[in-house]
Structures are given as structure tokens and as C-alpha cells.
């Protein structure tokens, strides 16, 4: 694996959300995939963040996720 891993702060900046959003997401069931490194470190792959963005595309505001 040669893909650089992003910290929570870097991932939040990339997605345009707060760090708290990603922290809550991990606690609630992780719509945004993450990697646990060791016992405490959390990292995100850029490809997983891009995949999350692609899954958020909607064609109508009434469309169910």
C-alpha cells in the first residue's frame, strides 16, 4: 500500500466538514471508512474519502439516501 493516510483534521479539511463530524460518524457507525492504526490513531485513505463523496450524489432533495 503506497497511499498516504490522512489524519482526522486533514480528512475533515478535504471533505469540508469539522473534525467533530468525523468523530461522531465513527461513533455512530462510520459512513466514512477509516483505518485504525494501533490502539488510538485513526487515519483515512484519500480513495475512501472520494468514494464517500461519490455515494453522496443525489438527483433530488427528496431522494432517500
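Once the Cα atoms of helix 46-55 and of the chain are each reduced to a long axis, what angle between those two axes, in degrees from 0 to 90 to the nearest 10, is obtained?
It works out to around 20 degrees.
Test of understanding: what is the full-extension gain from residue 33 to residue 5, defined as 0.36 nm times their sequence separation minus their Cα-Cα distance?
Here the segment from residue 33 to residue 5 would lengthen by 8.9 nm.
How high is the relative contact order of the chain, in percent, with contacts defined as C-alpha pairs under 8 Å that are six or more residues apart?
About 33 percent, as a whole number.
Between 0 and 90 degrees, rounded to the nearest ten: what's the tilt of helix 19-28 against the longest Cα principal axis of the chain?
80
No value in this document is a laboratory result; all are computed from the given coordinates. Because the structure is predicted, anything quoted here is derived from the model rather than measured.
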